[in-house]
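A short worksheet on the structure shown next.
What follows draws every value from the coordinates through simple rules; no lab data is involved. Everything numeric in this text was worked out from a predicted model, so none of it was measured. Backbone-built Cβ (ideal geometry, glycine too); neighbour counts: all protein chains shown.
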Amino acid sequence: MKKNVILLLCGIGILGACNSPEGGVDRDTMDEATADTAVAYEDERGRVEADGAEVITVEETYWTNIDWDAPETDDAAMKEAGIEARATNEYNIYTLDDRVLFDTDKAEIRAEGEEKLQQVADALKKLPPNAVIRVFGYTDARAGAAYNKELSKERANAVKDWLQNKGNVAANRLSVGAMGEQAPRATNETPEGRQLNRRVSIVAITRAPQP
């Protein structure tokens, strides 16, 4: 009984240190945390770092230099599903046609789109656990630039939320890029070109950029 009381008091003391300035919490660092104490911070990034897999950090400019024409992978399942998969030794790219994910001018993911996103989520789980991921949304140029930007943002956020809530991808690894009509892959003067421009690309950086 005495041992249990001592353990309880120790536990209270630890929590007090986390919540009180007098407890010296400003001297604590996530690098020193174990997987158990990281839970007390209620911080997903802390749990990842405590497990020895600190999420990769990149400069914002890195995202603007992604090579969208990187070599295609030989993933037969992705090709069969109509998901364009490309990769370099630093990142993987998964691109989906907007018709698969959304109805016209909508940002709610269709049932068929969920099936495709599940395949992407499964692929992401096979990558290093510290990979940082950004969802890019694109539109064609038929509507106004402001409208296109907002629609691409809503769609990118819908995919991000799906990956987090249904694909079990940690929220701290995810971000969005609302591109609107920027960076078209083809001409906006033809239906075929506009279709190529309406897309969502999911980029997972798997290796920290070399200086």
- Message: Spelling out what I want: for every residue of region 57-68, take phi, set θ = phi - 60°, compute 6.51 cos²θ - 1.76 cosθ + 1.60 (Karplus), and round to whole Hz; glycine and proline get x.
- Response: 10, 10, 5, 4, 5, 4, 5, 6, 10, 4, 8, 6
- Hey, can you grab everything whose amide H is under 5 Å from the amide H of Glu84? Only 5+ residues off in sequence or another chain; H modelled, so Pro and N-termini drop out. Thr95
- Message: Through the Karplus equation 6.51 cos²θ - 1.76 cosθ + 1.60, θ set to phi - 60°, convert the phi angles of region 174-179 into ³J(HN,Hα) values in whole Hz; use x for Gly and Pro.
- Response: 10, 8, 10, x, 8, 9
- Query: Can you work out ³J(HN,Hα) from phi for every residue in region 118-134, in order, using Karplus 6.51 cos²θ - 1.76 cosθ + 1.60 and θ = phi - 60°, giving whole Hz and x for Gly and Pro?
  - Reply: 5, 5, 5, 4, 5, 5, 5, 5, 8, 7, x, x, 9, 4, 9, 10, 10
- Task: With a point put 7 Å past each Cα toward its Cβ, work out how far Gln118 is from Asn168 in nm, to one decimal.
- Result: 1.3
- Which FRET efficiency value, to the nearest 0.05, do you get for Asp74 and Glu54 by plugging their Cβ-Cβ distance into 1/(1 + (r/R0)^6) with R0 = 25 Å? 0.25
- Query: In region 101-153, which trypsin sites (Lys or Arg not before Pro) fall in coil by DSSP and have 16 or fewer other Cβ atoms within 10 Å?
  - Reply: Lys106, Arg110, Lys126, Arg142
- Contact order relative to length of region 60-205, as percent, for alpha carbon pairs under 8 angstrom and 6 or more apart: 28
- Query: Per residue and in Å³, how big is the convex hull formed by the alpha-carbon atoms of region 39-197?
  - Reply: 128
- Query: Tell me, in nm to one decimal, what length is gained between Thr64 and Arg185 on full extension, where the rule is 0.36 nm per residue of separation less the Cα-Cα distance?
  - Reply: 42.1 nm
